[in-house]
Amino acid sequence: MKTFQVEEIANLVEELNVWRHFFTKGPILEVLQAINNLLHAYQELDENEKRLLDQLKAINMNSLDLTWLDQIKADFTRVVYGPDKLTFYPFESVAISGDKQLMQQETYEIRKTYLESGLAVKALDRIPDDFIANEIEFAFYLLQNTLKQYQQGKVESAAQELEKFHLFFDQHIQPWIPDFCHHASSQCQDSLIADIFRLIEGSLTNIGDMLKLRLA
């Protein structure tokens, strides 16, 4: 079994950092620039990533086109939040059970997991714990803690944090968020937003595969 190098963990932390900002802030210029930087750091690009990078380069040259930026933000909002009737919901409990009712068993299991790490959702009365942005935020938090422990030379503590991340990712990210991104990409009207969802789908799938290979 091959474990992770500190540099590999740092790269994964950066990826999750970009994805959490995408789902919490939407495709604002700052987030698009972060995705652009992330793609430039990749050693190899597939066709989707090359196409996305070309589109992002065009955005940088036209960063003041606020009307276009508003259009892609609206496309993102429509796919993730509505107001049109959603066909694939951004909540784990709905995605797993198929029941469109919020605050199911999965929601409270997620809440318990957050609380065990001393965390809680800020807008608890408005945003369910198992909302996609919350889950990616928590995965980022766990992996960032892993990186900090390694950087401080606390190898045993780092291994424990990495196992927490592995368990959470395997139980709560991998089973539904790549599928959500795949479905969202097919619903987008704007090709750039569709390609970003495909990028996130591939990223999270690759992380899941790496965890299985390295930590199984």
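Values in this text are rule-based calculations from the coordinates and carry no lab data. None of the values given here were measured: they were computed from a predicted structure. Every residue, glycine as well, gets a Cβ built from its backbone with ideal geometry; the counts of neighbours run over all protein chains shown.
Key figures for this structure:
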item: Within a Gaussian network of the chain (alpha carbon springs, distance under 10 Å), most fluctuating of Leu56, Leu39, Leu167; result: Leu167
item: Integer Hz, Karplus 6.51/-1.76/1.60 couplings in order for the range 85-94, x for Gly and Pro; result: 4, 7, 9, 9, 8, x, 10, 4, 4, 6
item: Paramagnetic reach from Tyr108 (point 7 Å along Cα→Cβ, amide N under 19 Å) across the range 127-143; result: 127-131
item: The range 154-198: mean projected area of Cα convex hull, nm²; result: 3.9 nm²
item: Extension gain from His182 to Asn37, taking 0.36 nm per residue of separation minus the Cα-Cα distance; result: 49.9 nm
item: Above-threshold pairs, the threshold being 20 Å between Cα atoms, out of Lys25/Lys122; Lys112/Lys164; Lys164/Lys212; Lys85/Lys112; result: Lys85/Lys112
item: Additional length obtainable on full extension of the chain from Leu167 to Met210, 0.36 nm per residue less Cα span; result: 14.2 nm
item: C-alpha center-to-center spacing [the range 150-203, the range 12-52] in angstrom; result: 13 Å
item: Glu44-Tyr81 pseudo-label distance in nm [points 7 Å out on the Cα-to-Cβ vector]; result: 3.9 nm
item: Coordinate range along principal axes, alpha carbons of the chain, Å, largest first; result: 50, 42, 27
item: Top of Ala158, Ala58, Ala74 by mean-square fluctuation, Gaussian network on the chain, Cα under 10 Å; result: Ala58
item: Normalised per residue, the volume of the convex hull around the Cα set of the range 120-180 (Å³); result: 78 Å³
